[in-house]
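Some notes on the structure that comes next.
The values are calculated or read from the model by the stated rules, or taken from the named source; none is laboratory data. It should be emphasised that the depicted structure is a prediction, and the values quoted were computed from it without experimental measurement. Every residue, glycine as well, gets a Cβ built from its backbone with ideal geometry; the counts of neighbours run over all protein chains shown.
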Amino acid sequence: MGSLAMVIVCLGPAGAAGAGEESKKTKQAVTDEKAAPEREIPVAEERARRLTDRMKERLGLTEEQIPRVAEVNLRIAKQVDDIRSASEGSRSELSSNVRSLQEQRNKELKEILNGEQWKEYEKMQEEMRSKGRDRGKEYRGKGGEKSGGEPTK
């Protein structure tokens, strides 16, 4: 009996530590789900890579422009993540800070892109903003449609 008690005592803390880790993961998952119930936000590196790939294809970036654009996109994406994780303010404050970073990105990209590329980039931005507005309307349950998908009159 003594050795059985010793085994239980020895396994107890390890089991508790393992359970604690699982609990932390579960809490994080629940927290993450509350923060973004509709979709998961990709990490900065993935978002930057996707944007750079779209720009490369749509704007016809040169071999010289690609690493410069990628660096700007990654740096700004990381800063956005930092703002999101540190944000304790209002949603409008977060939005304002992110908008400032987007303006910074635009300023830097304007120095990298040529005139035609810049015009096409501006079109890309408007399309992304439009998609974001549409997604926001759907999320908030507005957007000109009833819950059944029929247009409102």
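Miscellaneous remarks
- Residues being of a type outside the set (D, E, K, R) and modelled with pLDDT under 65 - total across region 118-153: 7
- The residues listed here are 109, 61, 94; of these, the one that is modelled with pLDDT of 95 or more, assigned to a helix (DSSP H, G or I) and under 26 Å from residue 122 (Cβ atoms) is 109.
- Members of region 71-127 found to be in contact (Cβ under 8 Å) with a residue 12 or more places away in the chain, farther than 18 Å from residue 49 by Cβ and among the acidic types (Asp, Glu), listed by number: 120
- Region 54-81 - residue that is acidic (Asp, Glu) and surrounded by 13 or more Cβ atoms within 10 Å (Cβ to Cβ) and, of those, nearest to the chain's Cα centre (by Cα): 81
- Test: residue 41 is out of contact with any strand residue (DSSP E or B) (no Cβ under 6 Å at 6 or more places or on another chain) and at pLDDT 95 or above: no
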